[in-house]
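Trainee: Just dropping this structure here.
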Amino acid sequence: MTFSSASASAVSTRSAPAAESGRPLAGRVAVVTGATSGIGAATARKLALGGASVALMGRREDRLTELAEELRPDASGQILTVAVDLSQTRSLAEAAASVRSRLGRVDLVVANAGAMLGAPFETADTAEWDRMLDVNLRGLLHTGRAFVDDLLTAAEHGPADLVHIGSVGGHSLYPNWSVYCATKAAVAHLTRNLRAELGPRHVRVHTIEPGVTATELGDDMLNEDMRAALARMRTGPRPLSAEDIAESVAFTVTAPAHVNIAEMIVVPVHLG
């Protein structure tokens, strides 16, 4: 696990900052998991350009460094890279402590890291099931736990947001994607329950659920037929882009502090 930042100085704990013109997230401190590519990288860009200091979290340090170097010239906040495996609970706790010491109290968490590995139930490599459970559920759970105290304290002074990136697969029937869909159904219901638990304490908990999105998610699945099927889905009439989902996240977290956009399903128009 490694860390780097644009500056050695830490940002002091915030108190309800006023947004700069054109920078609606100025003064906020955000964490984005799975920031090495796709929706995570696009969301990190959007939040950084919106004025937030952003901790980029993911496993591939080279990707994080590349993104940080891209963002720093135009970012008004700090950019911190945190190379960490979210399935390692102790490493995640250490990463959270480092983010807090370098950027200040976190008030915006986007739990985006995920794995999408399809195969027929009877022939799937069960190691792929374990990976989806580790990343899509355990990693997401422990990410929220690592920062929940920050969010609860931040909510006493201004907006505080926990964003889960789910999937339409959590609601629909997709043969050969059963375990992936099960993990995303769990994320959807977890989010609803956390809204009931944390909402009365003014922490907004959201789920953004994309449909077909053109990213590299799933490119590493073992089943060749499923990789080909996914590629066909992404080459149909205009799929969503990672930037489309990043826009949805930004819209959600810049709503007035008393407004919670609780669940957002985002799909290509041609799919209804």
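Trainee: If we sort 26-35, 255-264, 99-108, 73-82 on the protection proxy, mean other Cβ atoms within 10 Å, highest first, what's the order?
Mentor: 26-35, 99-108, 73-82, 255-264
Trainee: Cα atoms only, the chain: Rg and Dmax in Å?
Mentor: For the chain, the Cα-based Rg and Dmax read 17.8, 55 Å.
Trainee: Can I ask one more? To the nearest 0.05, how large is the calculated FRET efficiency for residue 232 and residue 192 if R₀ is 35 Å and r is the Cβ-Cβ distance?
Mentor: Given R0 = 35 Å and the Cβ-Cβ separation, E is 0.60.
Trainee: So how do 209, 197 line up by other beta-carbon neighbours within 10 Å, fewest first?
Mentor: Ranking 209, 197 by Cβ neighbours within 10 Å, fewest first, gives 197, 209.
Trainee: Short version: ³J(HN,Hα) in whole Hz for each residue of the range 39-44, in order, from phi by Karplus 6.51 cos²θ - 1.76 cosθ + 1.60 (θ = phi - 60°), x for Gly and Pro, what are they?
Mentor: For the range 39-44, the Karplus-derived couplings read 4, x, 5, 5, 5, 4 Hz, x marking Gly and Pro.
Trainee: Taking the Cβ of residue 117 as the centre, find all other residues whose Cβ is under 12 Å away and add up their charges (Lys, Arg: +1; Asp, Glu: -1). Before the final figure, lay out the partial values.
Mentor: On the way: positive: 131, 227; negative: 125, 128, 130, 134, 219, 220.
Result for the local shell: -4.
Trainee: Now for a separate question. Roughly how far apart, in whole Å, are the Cα centres of the range 80-99 and the range 215-272?
Mentor: 26
Trainee: Turning to a different aspect of this structure: Enumerate the calculated ³J(HN,Hα) couplings along the range 102-112 in order (Karplus 6.51 cos²θ - 1.76 cosθ + 1.60, θ = phi - 60°), each rounded to whole Hz, writing x wherever the residue is Gly or Pro.
Mentor: Whole-Hz 3J(HN,Hα) from phi for the range 102-112: 8, 10, x, 5, 7, 10, 8, 10, 10, 8, 10.
Trainee: Next question, about the same structure. Please report the antiparallel percentage of the DSSP beta bridges confined to the chain, to the nearest 5.
Mentor: Just about 15 percent of them are antiparallel.
No value in this document is a laboratory result; all are computed from the given coordinates. As the structure is a computational prediction, the values presented were derived from the model and not from experiment. Note: ideal-geometry Cβ built from the backbone for every residue, glycine included; neighbour counts use all protein chains shown.
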